[in-house]
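Can you read through this structure? Questions will come right after.
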Amino acid sequence: DLATGNNRPKDAGQAAKWVQLAAAAGNPEAMLELARFYRDGVGVAQDSARAYVWYSRAATAKNTDAVLEREALVRTMGEEPLKIAQEMSLPTQPAAAVVRPK
């Protein structure tokens, strides 16, 4: 895969692009992967708030790993960044609003 370089050259930016498209289309596994990309800054700028948003969307789609990873992320976030992340997670935000290129 593009993120790890398995079976092809590693290209984190290209991997992030495809994961973003799949997440925005509603794929729960892609939502979880995109949250991880934002958490770790893989192919996108590191952004805990956006990671929280995508963990939340994946959790809403019944992805149990997303719930656990979001809880771990929350423990590392300050009060203000968490407040911003929670506001960004409101269902009125379209998926495109929480995808940001590197």
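The values are calculated or read from the model by the stated rules, or taken from the named source; none is laboratory data. Owing to the predicted nature of the structure, the values given are computational and were not obtained by experimental measurement. Glycine gets a Cβ as well: all are built from the backbone with ideal geometry, and neighbour counts include every protein chain shown. Note: areas computed on protein heavy atoms with side chains; ligands, DNA, RNA excluded. Shrake-Rupley method; radii C 1.70, N 1.55, O 1.52, S 1.80 Å.
Give me the compactness ratio for the range 31-80, meaning the Cα radius of gyration over 2.2 N^0.38 Å.
1.01
With r as the distance between the Cβ atoms of Lys83 and Glu29 and R0 = 35 Å, compute the FRET efficiency 1/(1 + (r/R0)^6) and round to 0.05.
Efficiency, from the Cβ-Cβ distance: 0.80.
Quick one: accessible surface of Leu73, probe radius 1.4 Å, all protein chains present, in square angstrom to the nearest 10.
10 Å²
Ignoring everything but the protein chains, give the 1.4 Å probe accessible area of Val53 in square angstrom, nearest 10.
Here the residue's solvent-accessible area equals roughly 0 Å².
For the pair Leu21 and Thr64, how long in nm is the line joining their label points, each one 7 Å along Cα→Cβ?
Here the answer is 3.2 nm between the modelled labels.
Here's something else I'd like to know. Largest first, what is the accessible-area ranking of Glu79, Glu87 with a 1.4 Å probe?
Solvent-accessible surface, decreasing: Glu79, Glu87.
At a probe size of 1.4 Å, how large is the accessible area of Leu32, to the nearest 10 Å²?
For Leu32, the solvent-accessible surface is approximately 10 Å².
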